[in-house]
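The structure under discussion appears below in the form of structure tokens.
The values are calculated or read from the model by the stated rules, or taken from the named source; none is laboratory data. These numbers were taken from a predicted model, which means no experiment stands behind them. No Cβ is skipped: glycine too gets one built from the backbone with ideal geometry, and neighbour counts run over all protein chains shown. Surface accessibility is based on the protein's heavy atoms, side chains included, excluding ligands, DNA and RNA. Shrake-Rupley method; radii C 1.70, N 1.55, O 1.52, S 1.80 Å.
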Amino acid sequence: MFNLRNIEWVGPPESGCLRLLDQTRLPTEIVYLSCRQVPEVFDAIRRLSVRGAPAIGVAAAYACVLAVQPAGDRRAALTQAATFLASSRPTAVNLFWALDRMQRVADPSPSALLAEAKAIHDEDQRMCQQIGRHGLELFRTLATRPQQGRRPLGILTHCNAGALATGGIGTATAPMYLAHQEGLQIAVLADETRPLLQGARLTAFELQSAGVDVTLICDNMAAQFMRQGVIDLVITGADRIAANGDAANKIGTYGLAVLARHHGLPFFVAAPSSTFDLAIPDGRCIPIEQRHALEITEGFGKRTAPADVKTANPAFDVTPHELISAIITEKGVIQPVDTATVARVVAHA
Ligand code: MRU
């Protein structure tokens, strides 16, 4: 298993701080940020030092503890911090879900809020395990088809829906880790994920560190590998899933779903119930973050486009539910992906 802790509360509730692994420095440097003020956590979320829908929610929950450490009107400080943190990134609904939950804590003291933030963190860890269990069953079913022969199960993933993106062993990566642990042969292809390379910098790093067979490919190679028959399934995470199962995830995910359909491959989304936004009927209502042009014209400090060229840089796209074979949640597998099945599985206690 991958064993770097991405998010950790250090010290007592009244004076402790939030320690974040700075994911912008991976894979070449292991650097931790010690956040003592809410704006530091806000910046860490914005800059993607902490990223991935569940991890953003967990970090924001701990930031609420920082907000109430000074003596004074703690309820007002909590409300103000939650409003501010909610403006850091718009797409991942886990952020708003966690902030709502923190604001519903009756006693806005550092110790009560820390207990709630830790509960959110621990629950996310358990949800990852359960997603892994359900996902592994799907993997096993595919691996035992006669046409599979002795070839390892070929899995394509995009972005990083791994341990770095959650409080546990990831969502899309959870069944990979369990497969590896239980001896099911898998071969993962990780898309590099332009423009910020979460696949190359993070997924390849964490799977390789854990001893999982991973091969890094450029985003534009996926179709060719599907055609060659080395991919048996695609699995990604999600940032927000609407009531009908439409799922927002890292830009490029929708294209993979279209390719998977063309090649007759299952396309799975793995996400905890905290990623569902049942208040919105479909994916058209999901706000899509637009990020800075420099990420695509001068990525990682190297200019690769003419100065002042027009750009568009949406960070996410929406995969329509018709293209999703199943959504794997901690509560079970949503299949078929439609409004009724989403409601039945996600509302299940
Ligand atoms: O911009 P990022 O790196 O926060 O985008 C992350 C993703 O798109 C992940 O796939 C998603 O949040 C799921 S993480 C379990």
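Keeping to region 153-166, report how many residues are near the ligand (Cβ under 10 Å from one of its atoms), in contact with a strand residue (DSSP E or B) (Cβ under 8 Å, 6 or more places away or on another chain) and among the small types (Gly, Ala, Ser).
Here the count works out to 1.
Being part of a loop (DSSP other than H, G, I, E, B) and hydroxyl-bearing (Ser, Thr, Tyr) is the filter; apply it to region 23-48 and report the residue that is farthest from the chain's Cα centre (by Cα). Going through the qualifying residues, I end up with Thr28.
Scanning region 273-297 for residues that are open to solvent by 60 Å² or more (accessible area, probe 1.4 Å) and either within 12 Å of the ligand (Cβ to nearest atom) or under 28 Å from Gln23 (Cα atoms) (or both) gives Gln290, His292, Leu294. Which condition from (1) in a strand (DSSP E or B); (2) farther than 22 Å from Glu137 by Cβ; (3) not β-branched (Val, Ile, Thr) is the one that Ala187 breaks? All conditions pass for Ala187, except number (2).
Based on what the data block shows, is Ile45 of a type outside the set (Lys, Arg) and closer than 21 Å to Pro110 by Cβ?
Judged against the criteria, Ile45 is a match.
Among the residues of region 287-307, those that are without any contact (Cβ under 8 Å) to a residue 12 or more places away in the chain and either of a type in the set (Lys, Arg) or closer than 30 Å to Val342 by Cβ (or both) comprise Lys302, Arg303.
The residues of region 53-97 include none that are surrounded by 24 or more Cβ atoms within 10 Å (Cβ to Cβ) and acidic (Asp, Glu). Just one of the numbered conditions (1) surrounded by 20 or more Cβ atoms within 10 Å (Cβ to Cβ); (2) within 21 Å of Met176 (Cβ to Cβ) is not true of Ala242: (2). Of all the residues in region 98-144, those that are within 16 Å of the ligand (Cβ to nearest atom) and either touching a helix residue (DSSP H, G or I) at 6+ places or on another chain (Cβ under 9 Å) or open to solvent by less than 70 Å² (accessible area, probe 1.4 Å) (or both) number 13.
Modelled with pLDDT of 95 or more, assigned to a strand (DSSP E or B) and crowded, with 17+ Cβ neighbours inside 10 Å: is that true of Gly154 in this structure? Break it down into steps so the answer makes sense when it comes.
Values: modelled with pLDDT of 95 or more: yes; assigned to a strand (DSSP E or B): yes; crowded, with 17+ Cβ neighbours inside 10 Å: yes.
Taking the combined requirement at face value, the residue satisfies it.
Just for strands (runs of 3 or more DSSP E) wholly inside region 209-286: which have at least 1 residues that are among the polar types (S, T, N, Q) and in contact (Cβ under 8 Å) with a residue 24 or more places away in the chain? Once the strands (runs of 3 or more DSSP E) in region 209-286 are filtered for at least 1 residues that are among the polar types (S, T, N, Q) and in contact (Cβ under 8 Å) with a residue 24 or more places away in the chain, what remains is 214-217, 233-236, 247-250. Within region 62-119, the residues that satisfy the criterion of being within 19 Å of Pro12 (Cα to Cα) and part of a loop (DSSP other than H, G, I, E, B) are Val68, Gln69, Pro70, Ala71, Gly72, Val105, Asp107, Pro108, Ser109.
Taking region 70-86 as the range and being touching a residue at least 24 places away in the same chain (Cβ under 8 Å) and not aliphatic (A, V, I, L, M) as the test, the residues that pass are Arg74, Arg75, Thr79, Phe84. Looking across region 1-52, just one residue is open to solvent by 60 Å² or more (accessible area, probe 1.4 Å) and among the aromatic types (Phe, Trp, Tyr), and that is Tyr32.
Pairing each residue of region 93-115 that is closer than 25 Å to Asp239 by Cβ with any residue that is basic (Lys, Arg), provided the two are 6+ apart or on different chains, yields C-beta distances under 8 Å for Val93/Arg240; Leu95/Arg89. Note on region 201-215: among residues that are within 16 Å of the ligand (Cβ to nearest atom) and among the charged types (D, E, K, R), the one that is nearest to Gly170 (Cα to Cα) is Glu206.
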